[in-house]
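No lab work stands behind these numbers, since they all come straight from the coordinates. Because the structure is predicted, anything quoted here is derived from the model rather than measured. Every residue, glycine among them, receives a Cβ derived from its backbone with ideal geometry; neighbour counts consider all protein chains shown.
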Amino acid sequence: MSAINGSRFQSEVFLLTGILGQEHNYLWISIPFCLIYAISIVGNSFIVFIIKTNPSLHEPMYILLSMLAVTDLGLSITTMLTTLRIFLLNSREITHDACFAQLYFILTLICIESSVLLLMGFDRLIAIRDPLRYASILTPERLAKMSFVCVLRGVVLKLPLPIFLKQYQYCREIIPTRSYCTNGEVMKLACSDITVNSIYGLLIALLTEGLDSLLILLSYVMILKTVLNITSRTECLRALNTCVSHLCVVLSFYTPYLSVTLMNRLGKSFSPLVQILLGYICVMFPPLLNPIVYSVKSKHLRARIVSMFVR
């Protein structure tokens with residue numbers, strides 16, 4: 001099971017803890033978790049199905065929405081496997097390779113989701129600032145290339161992190177605040193020098209999610225500047241209304257993500273329970289909220305959903 005070398009050992013597994021101190025309530029805790037995962041998976045799958053089967057929705061905004069839904073599906077499935085296994089079966093063990101694979105997929109999917117949100121912000125900016133050239137700027141070919149670059153960026157830039165982790169020796173095996181593996185938590189278990197991983201992880205986070213959030217903020221500054229120049233109050237409100245769904249999704253994604261990132265750097269200043277809850281919100285809340293927000297706020301998408309159920 002483990003090889004002892006002085007005061008160090010190399011275990012073949014990590015132990016995920018779920019929520020410390022609540023082991024006797026795991027069965028009750030599993031109920032809302034199951035509901036959240038069920039709604040997330042069904043909702044996002046339904047969004048993808050509706051957009052795929054309705055040619056009238058094959059527009060840049062809805063194509064990007066389907067990409068967002070696919071990313072949310074992947075994120076839900078990746079974390080669901082270990083989370084429900086802990087709360088339903090109290091099975092805490094996960095092998096190193098499985099843990100590294102899980103954290104890589106989580107990091108990559110979060111990076112891709114951030115990129116898709118940036119593209120959606122760019123889509124709204126073009127639609128409001130230059131609506132007459134919207135179709136000529138966001139052509140299917142150009143949109144496909146930008147989407148491919150976004151996926152490739154996440155896949156390539158996040159790959160070194162699990163590779164670094166695989167080279168380390170580990171003195172501890174218990175991941176204290178999660179039911180899934182994260183780079184920051186696993187890194188703390190190592191008895192090797194983690195400086196390279198820590199610096200690279202922070203740098204890549206700043207160049208991906210950090211840069212994306214700044215560019216999205218810049219796009220909304222430009223949108224607001226354009227909207228304020230519209231003389232008609234009705235047209236102004238109509239233009240802003242097209243951004244409400246995207247803005248809600250952006251806030252639901254970046255607020256918990258940036259909070260978790262801050263707590264990882266200043267973890268001793270916050271209670272463990274707050275860190276645990278924010279960690280779950282970071283990976284579970286966006287996939288749950290995104291299909292609900294767009295189904296409610298998008299008139300065309302809502303009409304297709306209603307007509308499907310009526311038929």
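Please find, in a Gaussian network model of the chain (springs between Cα atoms separated by less than 10 Å), the residue of 81, 157, 125 whose mean-square fluctuation is greatest. The residue with the greatest mean-square fluctuation here is 81.
Multiplying the sequence separation of residue 191 and residue 45 by 0.36 nm and subtracting their Cα-Cα distance, what value in nm do you get?
Working: separation 146, 0.36 × 146 = 52.56 nm, distance 4.20 nm.
Full-extension gain reported as 48.4 nm.
Relative to the dominant Cα principal axis of the chain, helix 26-53 is inclined by about 40°.
With K and R counted +1 and D and E -1, the other residues having a Cβ less than 13 Å from that of residue 92 yield a net charge of -1. Identify, among 99, 236, 289, the residue whose Cα sits farthest towards the positive end of the charge dipole of region 13-310, taking +1 on the Cβ of Lys and Arg and -1 on the Cβ of Asp and Glu, with the dipole about the Cα centre. Of the listed residues, the answer is 236.
For residue 52 and residue 135, what is the calculated FRET efficiency with R₀ set at 30 Å and r taken between the beta-carbons, to the nearest 0.05? Rounded to the nearest 0.05, the efficiency is 0.90. Sequence-distant contacts, meaning Cα pairs under 8 Å at least 6 residues apart, place the relative contact order of region 13-310 at 27 percent.
Summing Cβ point charges (Lys, Arg +1; Asp, Glu -1) relative to the Cα centre of the chain gives a dipole of roughly 740 debye.
Here region 189-311 is assigned +1 on the Cβ of each Lys and Arg and -1 on the Cβ of each Asp and Glu. Its dipole about the Cα centre then comes out at about 680 debye. Relative to the dominant Cα principal axis of the chain, helix 195-205 is inclined by about 10°. Backbone geometry of region 130-137 corresponds, through the Karplus equation with coefficients 6.51, -1.76 and 1.60 at θ = phi - 60°, to 3J(HN,Hα) couplings of 9, x, 5, 9, 4, 5, 7, 7 Hz, x marking Gly and Pro. Applying 0.36 nm per residue to the separation of residue 88 and residue 166 and subtracting their alpha-carbon distance, the gain on full extension is 25.2 nm. Between the Cα long axis of helix 60-89 and the first principal axis of the chain there is an angle of about 30°, rounded to the nearest 10. For residue 158, go through the lysines and keep the ones whose alpha-carbon is under 25 Å away, minus same-chain ones fewer than eight residues off. Candidates past the 8-residue exclusion: 145, 166, 188. Summed over qualifying helices (DSSP H, 4 residues or more, each -39500 (n - 2.57)) and divided by its residue number, the chain shows a 222 nm mean residue ellipticity of -25000 deg cm²/dmol.
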